[in-house]
Amino acid sequence: MATIAYNLGMNQLTLVLPFALPNAELAADLLKVLQAPALAALLSRTSAFNFEAFDNAKRLLPHEAWLAHALGLAPAPNGEAAQAAFAAQAMRGYGLVPEPDARYFLLHPAHLAIARSHISLEDLRQLKLSEDDGRALFDIAAPYFDEIGQPLAYGDALTWFMRADAWSDLQCASPDAATTQDLSVWMPEGEHARAARRLQNEVQMLWHEHPVNAAREERGLKAVNSFWIWGASLANAEAARCAASLHTRDAPGWLAALAEPSRRDASPNSVLANQQDAIVVLGGLIEAAQAQEWGMWLQQLQALEADWFAPLLAALKDGRLGQLRLVLSHRDAWLSCTTSKLAQRKFWRTITLNKLKAS
C-alpha cells in the first residue's frame, strides 16, 4: 500500500476529553495503575502547553465553555461573559428550524433527588428514558407551555427545546455542572428565576403519578419529576460557522446534535479520512467521574488508549496527521497541549503521565 503523503493528511485535530483530569487528591494513585504509553507520549513531547483554572461561578464546565467558544457560539471560555449558548444550534441538528431572533433554551426531563439537607440533580445519563416515555411526557407538558406562550419542541427523549424570548436575563447552569451539587446554589438566577421555578412546579404536578412514572417505578427506575433548562441562545438567521468540523462520540444528545449526523459516532479512521481540520469530543469519561467511580474511569481511559491515543500517535509519526491538540478538563480547570511529528522527536523529554496531575 502506498504511503499517504504528508500534505495529503489532516493538518490539525483537537481532541476534547472532559474529565480526563482526575481529582487532584486521587491522581497519583490512579496514574500508578493506568497503562497509557501513547497518551503519555502525547502529553510529554509537546510544542505548546497551557493550564488554566476555571471559575465554576460561570455555571458550566470548562469543556462546555471551551466548545461554545470554539464553535463560535459564545465568548472566550475564561472571560466574564463565558456561556454555553447551544440551544438554537442543537435544534438545527435535530432537523428543527428555530424562528429568527427567538430565544431558545435546552430543556431536559430530569429527576431531582431530595436528601435530608439539600436537593440534587441526578445525572441525566442514568435516567434511562425511552423514546416512547419521553414522547408521552412531552405530549402532556407541551399544551401547558403553549398556553403560557413558551412553546416546546421535541428533539429526543432527553432533549427538548423551549422558546422563552423574554427570559434573556435568566442565568442557568448546565446539567453536568449541577449534577452531584447542592442545587440551592445552582438553580436559575435572574429576574425571571421565580417564573422558571413556577413553571417547574406546574410540570412536576402534571407528571406526578403519570402512568409513565408509575411504570418506571415498577421497573426500579427513578421518576421523571422535573426538568432542567440551560444553554439559552438567540437564533440568528445564519448558523454559527467553525473552521474545523465537529465530531463526537459517547456524547449526550444536545452535544451530538451540534455535529453532522455522519460525525456522531467518530473513530480515528473516520476523522482522519475526512482530512478537514476537526474537533472531536469524547464524552465517555464524564459519567464515571461524576459518580466518582474511578475503577470505571480507569477502564474508560484504558479503552481510549487503545482506540484513540495509540492510533493518533501513529498518525502523527507517519504524517497522516500534522498536529494534535489535547484539551483535557475536570470541574475546575482545563489544560491544552499540542504535539506534532517534530515534537515527538524530542527524545530527551521523559514520557510520563504527570501532566494529568495538574490541579
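Just a few scattered comments:
- Model label points for GLU217 and GLU99, set 7 angstrom from Cα along the Cα-to-Cβ axis, are 3.7 nm apart.
- Rg [Å, one decimal], Dmax [Å, integer] - the chain, C-alpha atoms: 21.2, 68
- Accessible area per residue in Å² at 1.4 Å probe, computed on the chain: 45
- For the chain, the longest principal axis of the alpha carbon atoms and the long axis of helix 131-147 meet at an angle near 50°.
- Distance cut-off 23 Å, percentage of C-alpha pairs in segment 101-235 lying past it: 29
- Full extension of the segment from ASP29 to ASN236, taken as 0.36 nm per residue of separation minus the current Cα-Cα distance, would add 69.7 nm.
- Taking all Cα pairs closer than 8 Å and separated by 6 or more residues, the relative contact order of segment 218-332 comes to 20 percent.
- Order by protection proxy (mean Cβ within 10 Å, highest first), peptides 329-336, 161-168, 258-265: 329-336, 161-168, 258-265
- Here r is the Cβ-Cβ distance between LYS357 and ILE119 and R0 is 30 Å; the resulting FRET efficiency, rounded to 0.05, is 0.35.
- Gained length - ASN274 relative to ILE140, 0.36 nm times residue gap less alpha-carbon distance: 44.0 nm
- Peptide ranges 213-220, 183-190 listed from the most packed, as the mean C-beta count within 10 angstrom indicates: 183-190, 213-220
- Between the listed residues LEU137, THR46, TRP254, the Cα displaced farthest toward the positive end of the dipole of the chain, a dipole computed from Cβ unit charges relative to the Cα centre, is found at THR46.
- Inter-label distance, SER47 to GLN171: 4.0 nm, where each label sits 7 Å from its Cα along the C-beta direction.
- Note on ARG345/ASP318: beta-carbon distance plugged into 1/(1 + (r/R0)^6) with R0 of 22 Å gives a FRET efficiency of 0.95.
- Here r is the Cβ-Cβ distance between ARG197 and SER245 and R0 is 45 Å; the resulting FRET efficiency, rounded to 0.05, is 0.70.
- Once the Cα atoms are used to define both axes, helix 193-207 deviates from the longest principal axis of the chain by about 80 degrees.
- Applying 0.36 nm per residue to the separation of ALA57 and TRP294 and subtracting their alpha-carbon distance, the gain on full extension is 82.7 nm.
- Heavy-atom accessible surface of the chain: percent carbon and sulfur, 1.4 Å: 50
- Projected label distance in nm at ASP156 and ALA306, using a 7 Å step from Cα toward the beta-carbon: 2.5
- Using C-alpha pairs below 8 Å separated by at least 6 residues, the relative contact order for the chain is 36 percent.
- Lysines with Cα under 27 Å of LYS355, excluding same-chain neighbours fewer than 8 positions away: LYS32, LYS58, LYS317, LYS341, LYS346
The values are calculated or read from the model by the stated rules, or taken from the named source; none is laboratory data. Only a predicted model underlies this, so the values are computations on that prediction, with no experimental measurement involved. Ideal geometry is used to build each Cβ from the backbone, glycine not excepted, and the neighbour counts take in all protein chains shown. The protein model used for the area step is the full one, side chains on, heavy atoms only, and it has no ligands, DNA or RNA in it. Shrake-Rupley method; radii C 1.70, N 1.55, O 1.52, S 1.80 Å.
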